[in-house]
Amino acid sequence: MDIIDDIEAGNDHEEDGTVPSHPMAVKPSGNAYTAAVNLKANAGSFAKLPDELLMSFLETLEAAELLQLGGACKFLYAFTRVDELWRALFVESKPTTFTWLGTWRATFLSHPTLPLISCEGVFSNVLHRPYFCAHTPLTPYTHNIPAQNAIPRLSDLSEEEYNRTWLDKPFILTSPVKSWPIYRTWDADYLFATYPSVSFRAEAVDWPLAKYMQYMRHNADESPLYLFDRSFVEKTALAPDAFTPPPCFGADLFAHLGPARPDSRWLIVGPARSGSTMHQDPNGTSAWNAVLRGAKYWLMFQGPQAPPGVVLSPDGAEITAPLSIAEYLLTFHEEARATPGCREGICYPGEVLHVPGGWFHLVLNLEEGVAVTQNFVPKGKLGDVLRFLRDKKEQVSGFRDDVDDPYGMFVERLREACPDVLEETLERMEKKDRGKWEEIKKGDGEGGGFSFGFGFGGDDSDADIP
Ligand SMILES: O=C(O)CCC(=O)C(=O)O
Ligand SMILES: [Fe+2]
């Protein structure tokens, strides 16, 4: 039984003091079986709806309707106070000016909210689970990393060693960014003091940094809004030498696309408990992620097979909406940690983590943090990226709308810039495709989960060629 099942069965983890009790005294559904009073009974026709359906219905309402319905009874009051409902209304309303008041509801309504009413007698996992996920300690999941899972920590790496041994492996470089000018200065306070009115992208909103800082330091969201800005170099007028990719990664072949290259570098700022849900990076690219402040816990799995808790369609696209980081950790961490091939590590300030193309990863900020990340195409992974662009057109992302054939364009640019690298890679890809076809003709694929997509398998790497 995982911790969420345990709580929802009615075993109260608030009482052990690790999670503060729910501000409206809502309890998990399991507690209803032994309770004398269940306030759902007072909700009229709404009592007939499962809680999930009621929440979906509330998502369709406007603010005035939520306020009105919340006055009807305590059960509906508790549901209409769910801050995620107000977050959606706020984001949709795209206000030009606002003051962050600590919750989405207060901010949307532009006035501080009255103290919450106790709703003892309301039992709902739909209400309780996000609160629990937002407050339960996450350190049990990030500590005591088993030795066989630990992401190697390297003090130095040459380009030659990277290409020979590390193209398909995660690692942490422990000393490469200490000389970057932005490493010396870029903490959140410095950024806030220097660029308070510059707008940065945080998921679906563009907010002046001053607003984001207010939000970042005063919110209790299960999945805090994460600043992830692809134009930070231009917005901060960064000098070209403000940061330089660690030299071991070598030339980035996407650079040959010039201005047509997909988005490739981001500034990342977020509070403790923010981060990235389990995903693979776009277009089969590799990435490096440099922590300037804070600390990031990484949980990684090599594709193409899905890690625990992720469901893929036959073409390899993710078909489940990703769980929040906390919910993933609560539900799947134990299984993930025990799965062969699982890699885990903590990346500290001044360190850089390598995400090999095709690897799934979940990232949790252990503290308020500032980071810079860049996606790139190392020579040894060119085959994987070309295969992705050629065979997974519907999953290709980040290119400008006017680029309608990213594969063709990339091949053309490579043919001009580095024809030998291209020919060698195309030859290897063709050999592999032929090999697969021979296997299929022999019937080897039959009954063994055969799929017509010539798998993007992360195995076109030079590292695999003797
Ligand atoms: O949250 C992070 O720092 C990880 C970012 C990431 O995975 C990405 O940029 O693809
Ligand atoms: Fe990523």
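Mind pulling the angle between the C-alpha long axis of helix 382-391 and the longest principal axis of the chain? Nearest 10 degrees, somewhere in 0 to 90.
It is inclined by approximately 60 degrees.
In whole percent, what relative contact order does the chain give with Cα contacts below 8 Å and a gap of six or more residues?
Contact order relative to length: 17 percent.
Reachable lysines from Lys379, Cα under 29 Å, same-chain residues fewer than 8 places away excluded?
Leaving aside lysines fewer than 8 places away in the same chain, those within reach of Lys379 are Lys169, Lys178, Lys296, Lys392, Lys393, Lys431, Lys432, Lys436.
Rolling a 1.4 Å sphere over the protein heavy atoms, what is the accessible area per residue of the chain, to the nearest Å²?
Each residue of the chain exposes 47 Å² on average to a 1.4 Å probe.
List the aspartates and glutamates whose alpha-carbon lies under 13 Å from that of Lys441, not counting same-chain residues fewer than 8 positions away?
Within the straight-line limit of under 13 Å, Lys441 reaches these aspartates and glutamates: Asp433.
Lys27: which lysines have alpha carbons under 29 Å from its alpha carbon, excluding same-chain residues fewer than 8 sequence positions away?
Within reach: Lys40, Lys48, Lys74.
Heavy atoms only, probe 1.4 Å: what % of the accessible area of the chain goes to carbon and sulfur, would you let me know?
54 percent
Dipole magnitude of segment 139-379 about its Cα centre, charges +1 at Lys/Arg Cβ and -1 at Asp/Glu Cβ only, in debye to the nearest 20?
340 debye
Measure nothing fancy, just the Cα-based angle from helix 125-135's long axis to the longest principal axis of the chain, in degrees from 0 to 90, nearest 10.
60 degrees
What's the magnitude of the charge dipole for the chain around its Cα centre, counting Lys and Arg as +1 and Asp and Glu as -1 at the beta-carbon? Answer in Debye, nearest 20.
Taking the Cα centre of the chain as origin, the dipole is about 820 debye.
Residue farthest toward the positive end of the dipole of the chain, with Cβ of Lys/Arg at +1 and Asp/Glu at -1: which of Leu138, Pro314, Asn219?
Asn219
What Kirkwood hydrodynamic radius, in Å, does the chain give when the mean of 1/r is taken over all pairs of distinct Cα atoms and then inverted?
Evaluated on the chain, it is 24.6 Å.
Near the amide H of Phe171, under 5 Å away, which other amide H atoms are found, from residues 5 or more places off or on another chain, if H is placed in the peptide plane?
Residues meeting the criterion, in which the H sits 1.01 Å from N, are His354.
Set Lys and Arg Cβ to +1 and Asp and Glu Cβ to -1, take the dipole of the chain about its Cα centre, and tell me which of Ser286, Val385, Leu114 lies farthest positive.
Leu114
With the dipole of segment 207-264 worked out from charges on the C-beta (+1 for Lys and Arg, -1 for Asp and Glu) around the Cα centre, which of Pro208, Phe228, Pro245 lies farthest toward the positive end?
Pro208
The values are calculated or read from the model by the stated rules, or taken from the named source; none is laboratory data. Owing to the predicted nature of the structure, the values given are computational and were not obtained by experimental measurement. Note: ideal-geometry Cβ built from the backbone for every residue, glycine included; neighbour counts use all protein chains shown. When the accessible area is computed, the model is the full protein with side chains, heavy atoms only, and any ligands, DNA or RNA have been set aside. Shrake-Rupley method; radii C 1.70, N 1.55, O 1.52, S 1.80 Å.
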